[in-house]
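Notes to accompany the following structure.
The values are calculated or read from the model by the stated rules, or taken from the named source; none is laboratory data. Predicted model, so just to flag it, every value in this text is computed and none were measured. Reconstructed Cβ throughout: ideal geometry from the backbone, glycine too, with neighbour counts over all protein chains shown.
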Amino acid sequence: MQRRTLLQLVGAGTVGLAGCSDADPAATATPTTGPAEVLVEMTDSLKFVPETVEIGVGDTVVWETVGSVAHSVTAYESDLPEGAAFFASGEFDTESAARGSYPDGSVGPGETYAHTFETPGEYPYFCIPHESGMVGTVVVE
């Protein structure tokens, strides 16, 4: 019979000690958390899905066109939280520039646009060509 140490047996998950689990410690370790990434779909039914997302400071929202109709993502500049960065697909500096340059900045089928939010607050946004019904909100807590 081959002799093995207790440490080898416990490490192999073959022997448990009183009050200890014989499960793999790596499998039960608490994962560390970091910035999250949240997906918002832009659909052919002219909707952001979900319409409202709640994230933490430092998290990123990724908008993806999942149908065949191109869309845009443009913040309502006057409604941004104080000190917050403006965002728009196409990386425009202002809402006026985004509106005036459309279709530049459009997000075509299968394409994405992402923005990381660094300031708490509510961020209302819209799709330029479908603004009458395609609006959304990012809530950063």
query: Across segment 35-91, which residue is nearest to GLY108 (Cα to Cα) among those that are polar (S, T, N, Q) and in contact with a Ser or Thr (Cβ under 6 Å, 6 or more places away or on another chain)?
result: SER72
- request: Just need a number here: residues in segment 48-57 that are surrounded by 15 or more Cβ atoms within 10 Å (Cβ to Cβ) and farther than 15 Å from VAL140 by Cα.
  value: 1
message: Restricting to segment 48-77, count the residues that are in a strand (DSSP E or B) and in contact (Cβ under 8 Å) with a residue 24 or more places away in the chain.
response: 14
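So in segment 33-47, with the set limited to residues that are in a strand (DSSP E or B) and of a type outside the set (D, E, K, R), which one is surrounded by the most Cβ atoms within 10 Å (Cβ to Cβ)?
The selected residue is MET42.
Regarding PRO81, is this residue loosely packed, with under 14 Cβ neighbours inside 10 Å, in contact with a helix residue (DSSP H, G or I) (Cβ under 9 Å, 6 or more places away or on another chain), modelled with pLDDT of 95 or more and assigned to a loop (DSSP other than H, G, I, E, B)? Talk me through it step by step, then tell me what you get.
Working: loosely packed, with under 14 Cβ neighbours inside 10 Å: yes; in contact with a helix residue (DSSP H, G or I) (Cβ under 9 Å, 6 or more places away or on another chain): no; modelled with pLDDT of 95 or more: yes; assigned to a loop (DSSP other than H, G, I, E, B): yes.
Spelling it out, it is not the case that PRO81 is loosely packed, with under 14 Cβ neighbours inside 10 Å, in contact with a helix residue (DSSP H, G or I) (Cβ under 9 Å, 6 or more places away or on another chain), modelled with pLDDT of 95 or more and assigned to a loop (DSSP other than H, G, I, E, B).
For GLY90, are the conditions met, namely being in contact with a Gly (Cβ under 8 Å, 6 or more places away or on another chain), without any contact (Cβ under 8 Å) to a residue 24 or more places away in the chain and surrounded by 14 or more Cβ atoms within 10 Å (Cβ to Cβ)? I'd like the intermediate steps shown before the answer.
Numbers: in contact with a Gly (Cβ under 8 Å, 6 or more places away or on another chain): yes; without any contact (Cβ under 8 Å) to a residue 24 or more places away in the chain: yes; surrounded by 14 or more Cβ atoms within 10 Å (Cβ to Cβ): yes.
Answer is yes for this residue.
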message: With the requirement that a residue be in a helix (DSSP H, G or I) and of a type in the set (A, V, I, L, M, F, W, C), what does segment 93-141 give you?
response: ALA97, ALA98, ILE128
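Would you confirm whether or not segment 6-26 contains a residue that is on the phi < 0 side of the Ramachandran plot, at pLDDT 95 or above and surrounded by 13 or more Cβ atoms within 10 Å (Cβ to Cβ)?
Start the filter on segment 6-26 by keeping residues that are on the phi < 0 side of the Ramachandran plot, which leaves 6-12, 14-18, 20-26.
Among the residues that remain, those that are also at pLDDT 95 or above are: none.
So far as segment 6-26 goes, no, none of its residues is on the phi < 0 side of the Ramachandran plot, at pLDDT 95 or above and surrounded by 13 or more Cβ atoms within 10 Å (Cβ to Cβ).
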statement: Result of the Cβ filter at 7 Å on segment 98-111, keeping first residues that are closer than 18 Å to TYR76 by Cβ and partners that are assigned to a loop (DSSP other than H, G, I, E, B) and aromatic (Phe, Trp, Tyr), at least 6 apart or interchain, is ALA98/PHE92; SER101/PHE92; GLY105/PHE92
